[in-house]
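Coordinate-derived values only; no laboratory data. Please read all numbers here as calculations on a predicted model, not as lab measurements. Positions of Cβ are backbone-derived with ideal geometry, glycine not excepted, and every protein chain shown enters the neighbour counts.
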Amino acid sequence: MKVLYFAWLKEKTGIGEEDISLPENVTDIEGLIGFLKNRGGGFEKAFSDTSLVRVALNMEHVQVSAAIKDSDEIAFFPPVTGG
Amino acid sequence: MKVLYFAWLKEKTGIGEEDISLPENVTDIEGLIGFLKNRGGGFEKAFSDTSLVRVALNMEHVQVSAAIKDSDEIAFFPPVTGG
Amino acid sequence: MIQVQAEDFDIGQELKKISSGNDGIGGVCSFIGLVRDFSGQQGEDKKISSMTLEHYPGMTEKQLAKIEDAARQRWELSEVTIIHRIGRLAPGDQIVLVMVAAVHRNAAFDGASFIMDFLKTQAPFWKKEETGSGVKWVEEKSSDVGSAQRWEKK
Amino acid sequence: MIQVQAEDFDIGQELKKISSGNDGIGGVCSFIGLVRDFSGQQGEDKKISSMTLEHYPGMTEKQLAKIEDAARQRWELSEVTIIHRIGRLAPGDQIVLVMVAAVHRNAAFDGASFIMDFLKTQAPFWKKEETGSGVKWVEEKSSDVGSAQRWEKK
């Protein structure tokens with residue numbers, strides 16, 4: 001699956017985009033966040049307060065309870081501030 | 001007093017502007033309208049249905065009950081349709 | 001800035017006038033009214049060949065200034081531009097520009113909408129439409145009266 | 001027309017694009033958002049030297065198209081133009097243009113205001129401000145969330 005990071009999540013994780021295989025036992029975005037946090041370092045910092053993090057699944061805004069599969073594109077970012 | 005006519009009131013009366021002396025016994029705009037109607041012809045036609053006529057006294061919208069004096073500027077016109 | 005003129009105007013230039021050197025402005029809302037190519041009067045639907053705008057010089061400027069003042073008392077507005085054309089216009093021509101700059105977006109939107117509503121009901125302009133069946137003064141629209149009344153209820 | 005671009009835009013040209021040859025349009029409401037010269041973050045009031053806009057390519061266009069569709073379902077709109085800039089901007093620079101043409105004035109005003117509100121809360125753009133005290137990501141404004149919620153109540 002493709003995972004993207006924007007704004008300060010990109011800065012904290014140090015990457016904008018990565019391809020990962022859906023980890024075992026992970027079925028939703030909340031599970032994916034747990035998996036990413038376990039990497040430690042920048043990832044742990046980026047997801048330390050998930051109330052600040054917003055998620056898109058295949059370019060649609062979703063909640064962290066959304067189910068995911070290996071072919072999905074998932075993006076993490078702060079609340080949007082355009083306009 | 002200066003009396004002005006706009007849009008179809010100008011067309012019906014045949015004049016855009018005139019200077020008249022405040023007629024005797026006329027104290028408000030309703031009285032002035034009665035005086036003008038008495039001229040007959042285009043004036044009678046212009047004021048035949050006063051529900052279609054709007055009035056300004058010294059460039060402010062007023063009702064026909066507004067009191068007038070000889071130094072005033074009075075304008076008659078249909079409802080405005082700008083913009 | 002309030003202007004009644006026969007000449008056309010350019011929205012880009014008007015925007016530049018109010019925004020250049022004024023970097024505290026967050027947003028600018030503009031409305032442009034155009035001459036439509038059909039007459040919507042009394043169920044008619046006739047092609048318009050021209051429209052002529054008459055006004056009451058002096059009273060127009062006075063009423064527009066009052067409307068601008070009322071908008072500024074209601075919202076915090078940085079800049080207000082009102083340009084209204086008079087004379088003979090063709091379908092597609094610009095009639096009116098209302099441009100409102102403000103620190104906050106909704107003040108700009110509401111201010112411009114408020115000014116348009118009262119311009120429509122208070123500023124002494126009259127439109128005459130020329131169609132295939134002759135020349136006719138445009139009648140007051142009840143929807144314009146209703147739109148202006150929205151602001152009184154609040 | 002939806003466009004995400006680094007280049008600046010010209011409101012006059014965009015107006016011409018949607019209005020020329022389209023004489024049935026009665027009014028056009030436009031909103032332009034500009035880079036303000038001060039940061040309003042958390043009670044700060046610091047001079048901004050630059051602002052950088054990042055976005056999520058693909059999702060941005062998808063979300064803006066959804067917002068335009070929602071507006072068109074709610075009001076009868078003739079034309080909609082949305083242009084949003086990305087990259088590095090300076091105070092006074094134009095960030096966004098929303099332009100809505102409609103037969104009826106209030107549809108144009110409401111449509112443009114609605115699109116701006118949801119652009120602010122749904123379109124994946126992020127602003128980073130550079131001030132004398134460093135570089136900082138702009139935080140979400142509760143007033144923007146509230147402004148978008150207005151439309152749900154109706």
Practice problem: Measure nothing fancy, just the Cα-based angle from helix D:59-74's long axis to the longest principal axis of chain D, in degrees from 0 to 90, nearest 10. | Solution: 40
Quiz item: Which whole-number percentage describes the relative contact order of chain D, with Cα contacts under 8 Å and a sequence gap of 6 or more?
Solution: 32
Exercise. Would you calculate a helix-derived [θ] at 222 nm for chain D, using -39,500 (n - 2.57) for each DSSP H run of n ≥ 4 and dividing by the full residue count, to the nearest 500?
Key: -11500 deg cm²/dmol
Quiz item: Treating the beta-carbon of each Lys and Arg as +1 and of each Asp and Glu as -1, no other charges, what is the dipole magnitude of chain B about its Cα centre, to the nearest 20 debye?
Solution: 280
Quiz item: In Å, what Rg and Dmax follow from the Cα atoms of chain C?
Solution: 16.1, 52
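Below 8 Å, C-alpha to C-alpha, sequence gap of six or more: please give me the relative contact order for segment C:4-81 in percent. Don't skip to the answer; put the middle values down first.
Working: 20 pairs, mean separation 19.4, N = 78.
In percent, rounded to a whole number, it is 25.
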Practice problem: Rounded to the nearest 10 degrees, what's the angle between the helix D:142-153 long axis and the longest principal axis of chain D, both from Cα atoms, 0 to 90? | Solution: 20
Practice problem: Compute the distribution of all C-alpha to C-alpha distances in the protein assembly as shown, in bins of 20 Å from 0, and list the percent of pairs in each, rounded to whole numbers. | Solution: 22, 44, 24, 9, 2, 0
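With the cut-off at 1.5 for a/c, could you classify segment B:2-77 from its C-alpha gyration tensor as rounded, prolate or oblate?
Values: a/c = 1.40, a/b = 1.26, b/c = 1.11.
Since a/c stays below 1.5, the shape of segment B:2-77 is classed as rounded.
Per-residue ellipticity at 222 nm for chain B, helices alone: DSSP H runs ≥ 4 residues times -39500 (n - 2.57), over residue total, nearest 500 deg cm²/dmol? Please report the intermediate quantities before stating the final value.
Numbers: 3 runs with 22 residues, N = 83.
The helix-only estimate for chain B comes to -7000 deg cm²/dmol at 222 nm.
Give me the count of lysine pairs in segment B:2-77 whose alpha carbons sit under 15 angstrom apart, restricted to pairs 8 or more positions apart or on different chains. Mind dumping the intermediate values first?
Values: B:Lys2/B:Lys10; B:Lys2/B:Lys69; B:Lys10/B:Lys37; B:Lys10/B:Lys45; B:Lys12/B:Lys37; B:Lys12/B:Lys45; B:Lys37/B:Lys45.
Summing the qualifying lysine pairs gives 7.
Percent relative contact order of segment A:2-77, based on C-alpha pairs within less than 8 angstrom and at least six residues apart? Walk me through the numbers before you get to the answer.
Working: 112 pairs, mean separation 30.5, N = 76.
Result for segment A:2-77 is 40 percent.
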Quiz item: Taking the label point as lying 7 angstrom from Cα along the Cα-to-Cβ axis, what are the distances from D:Glu139 to the corresponding position in the remaining copies, in ascending order and in nanometres?
Solution: 5.8
Self-check item: Axis-proximal residue, chain D, for the rotation superposing D on C (Cβ, Å)
Solution: D:Gly12, 2
Self-check item: segment C:47-130, Rg to Rh (Cα coordinates; Rh as Kirkwood inverse mean 1/r)
Solution: 1.03
Quiz prompt | For segment D:91-154, size of Cβ-based charge dipole, Lys and Arg +1, Asp and Glu -1, in debye | solution = 200
Practice problem: Sequence neighbours fewer than 8 away in the same chain don't count; with that in mind, list the lysines whose C-alpha is under 18 Å from D:Lys16. | Solution: C:Lys16
